[in-house]
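Colleague: Here you go, one structure.
The values are calculated or read from the model by the stated rules, or taken from the named source; none is laboratory data. Nothing here was measured: the structure is a model prediction, and the numbers come from that model. We place every Cβ from the backbone using ideal geometry, glycine too, and count neighbours over all the protein chains shown. Remember, those area values only see protein heavy atoms, side chains included, never the ligands or the DNA or RNA. Shrake-Rupley method; radii C 1.70, N 1.55, O 1.52, S 1.80 Å.
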Amino acid sequence: MEFHRLYTDGRRSTRAFTGRTLCNETIHSLLQAATRAPNACNLQSWHFYVLDQKNIAKLVPDVYRGEWILKAGAAFVVCTEDSVLAERFGERGKMFAIQDTAAAMIMLLLEAANIGWSGCWLGAFEPEACRRLLSIPEGRVPVAIAVIGEAHTQPPMRDRKPLGEVCTMVGDFDAPGDKTEATAPFTLRSGNYGGALFQDLNLAEARFDDIWLADGKFNNINMSGTVFTDINLSGASYAGVDMAGTRFGAVDAESTCVEMNKAKFTQVDFTEAVLKNCRLCDIRLENCDLTGMTIDGIPAEEYFKK
Ligand SMILES: Cc1cc2nc3c(=O)[nH]c(=O)nc-3n(C[C@H](O)[C@H](O)[C@H](O)COP(=O)(O)O)c2cc1C
């Protein structure tokens with residue numbers, strides 16, 4: 001994934017996994033990334049314990065209380081061994097060692113996002129319980145845990161404070177944010193783009209109007225707030241798409257037409273989606289979270305029991 005996209009629309013803390021496990025090759029890639037992190041004096045004062053699912057289960061509840069980690073595919077307990085740094089630099093050296101582990105954690109989490117996995121940083125765990133469980137020797141301290149898995153549902157990217165609030169510019173710089181120009185939303189109007197591939201794009205608030213997009217592919221796309229009007233999306237597939245606030249049909253929905261028969265959706269967040277006057281025959285739902293879903297005002301569980 002392109003680096004800018006990796007941190008603007010890729011890595012985020014995910015706390016709902018499918019249970020899929022990571023193969024050795026993936027584990028090794030993540031460890032490679034983690035150990036390429038900058039670190040004090042290149043002493044690499046870190047040590048990693050890699051846990052499979054069976055061992056992640058042993059973390060709950062004594063080491064970490066959140067049961068959601070049970071569905072992670074692997075966990076990395078990142079420890080510091082600060083003795084050499086502390087000998088050389090005293091208290092400052094201990095701080096260097098903690099910074100080493102933080103740098104390794106973010107490298108690992110970014111690489112996970114880069115290769116299509118999701119994860120979360122855990123800091124609120126019990127280090128002593130962790131030490132006992134993994135027989136971690138004296139002199140090695142567990143600092144953080146990265147849980148990695150395949151996202152079941154991906155949360156939206158979380159907002160950050162405006163740069164002006166967290167930055168002090170020292171010297172002759174413009175205040176951050178001063179020069180941000182409003183960019184017009186991406187608009188595609190009237191055309192035949194059957195089979196087109198949309199990959200790794202930010203199409204937030206985009207407009208697609210009067211477009212033939214049958215068999216199109218949308219991979220890793222931010223489509224929050226995107227509006228599709230008079231569009232044919234038959235056979236289109238959607239993977240890793242954020243559709244929060246996507247609108248199919250304009251506000252005056254009667255005048256628009258959307259065809260989506262045979263569309264395929266994988267890992268798409270449809271939270272708060274509204275479907276009205278739609279034909280939903282022969283639809284297959286597999287492994288979907290239907291919490292809070294209502295059909296004509298009736299909760300889905302009751303509706304399907306009828
Ligand atoms: C030092 C540190 C400790 C954290 N501890 C936890 C934790 O114990 N449990 C958890 O669910 N998330 C934990 N997080 C994840 C943060 O909640 C998350 O990064 C933050 O809310 C911003 O969200 P984002 O990562 O999606 O941008 C921790 C993150 C950091 C850097």
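Colleague: May I ask you to give the percent of accessible area on the chain that is carbon plus sulfur, with a probe radius of 1.4 Å?
Modeller: On the chain, the fraction of accessible area on carbon and sulfur atoms equals 51 percent.
Colleague: Using the Kirkwood radius over Cα pairs, work out the Stokes-Einstein diffusion coefficient for segment 187-281 at 10 °C and 1.306 mPa s, in µm²/s as a whole number. Don't jump to the answer; show the numbers that get you there.
Modeller: Details: Rh = 13.1 Å.
My calculation gives 121 µm²/s for D.
Colleague: Shifting gears a bit: How long are the semi-axes of the equivalent ellipsoid of segment 59-107, defined as square roots of 5 times the Cα gyration tensor eigenvalues? Whole Å, largest first.
Modeller: Working: eigenvalues 174, 28, 11 Å².
Semi-axes from the Cα gyration tensor: 29, 12, 8 Å.
Colleague: Only bridges with both residues in segment 3-149 count here: give the DSSP antiparallel percent, nearest 5. The partial results should precede the final answer.
Modeller: On the way: 18 of 19 bridges.
Among the beta bridges of segment 3-149, antiparallel pairing accounts for roughly 95 percent.
Colleague: Rounded to the nearest 500, what is the chain's calculated 222 nm mean residue ellipticity when only DSSP H runs of at least 4 contribute -39500 (n - 2.57) each, over all residues?
Modeller: When only DSSP H runs of four or more count, the value is -7000 deg cm²/dmol.
Colleague: At 1.4 Å probe size, with every protein chain present, just tell me what the per residue accessible area of the chain comes to in Å². Provide the component values of the computation, followed by the final result.
Modeller: Details: 18740 Å² over 306 residues.
Accessible area per residue: 61 Å².
Colleague: Just for the chain, what percent of DSSP beta bridges are antiparallel, to the closest 5? Please list the in-between numbers first.
Modeller: Numbers: 21 of 49 bridges.
Antiparallel: roughly 45 percent of the beta bridges in the chain.
Colleague: So how strong a dipole does segment 55-195 carry about its Cα centre when Lys and Arg Cβ are +1 and Asp and Glu Cβ are -1, to the nearest 20 debye?
Modeller: Working: 14 positive and 18 negative charges, 82 e Å.
So the dipole magnitude of segment 55-195 works out to roughly 400 debye.
Colleague: Picking from A196, A263, A184, which is most flexible by a Gaussian network model of the chain using Cα springs under 10 Å?
Modeller: Maximum among the listed residues: A184.
Colleague: So for the pair V274, V166, with labels modelled 7 Å out along Cα→Cβ, what separation do we get in nm?
Modeller: 3.4 nm
Colleague: Given the options E205, E150, E25, which has the most mean-square fluctuation in a GNM of the chain, springs set between C-alpha atoms less than 10 angstrom apart?
Modeller: E25
Colleague: Helix 91-114 versus the longest principal axis of the chain: what angle, 0 to 90°, nearest 10, using Cα atoms?
Modeller: Here the helix axis deviates by roughly 30 degrees.
Colleague: Roughly how many whole Å is it from the C-alpha centroid of segment 93-111 to that of segment 207-224?
Modeller: Segment 93-111 and segment 207-224 have Cα centres separated by 39 Å.
Colleague: Can you tell me the Rg and the Dmax, both Å, for the Cα atoms in segment 1-143?
Modeller: When restricted to the Cα atoms of segment 1-143, Rg and Dmax are 15.3, 45 Å.
Colleague: Could you give the Stokes-Einstein D for the chain in µm² per second, using the C-alpha Kirkwood radius, 37 °C, 0.692 mPa s?
Modeller: Working: Rh = 22.4 Å.
Estimated via Stokes-Einstein, D reaches 147 µm²/s.
Colleague: At a Cα cut-off below 18 Å, give the aspartates and glutamates reachable from K94, other chains included and same-chain residues fewer than 8 away excluded.
Modeller: Within the straight-line cut-off, K94 pairs with E81, D82, E138.
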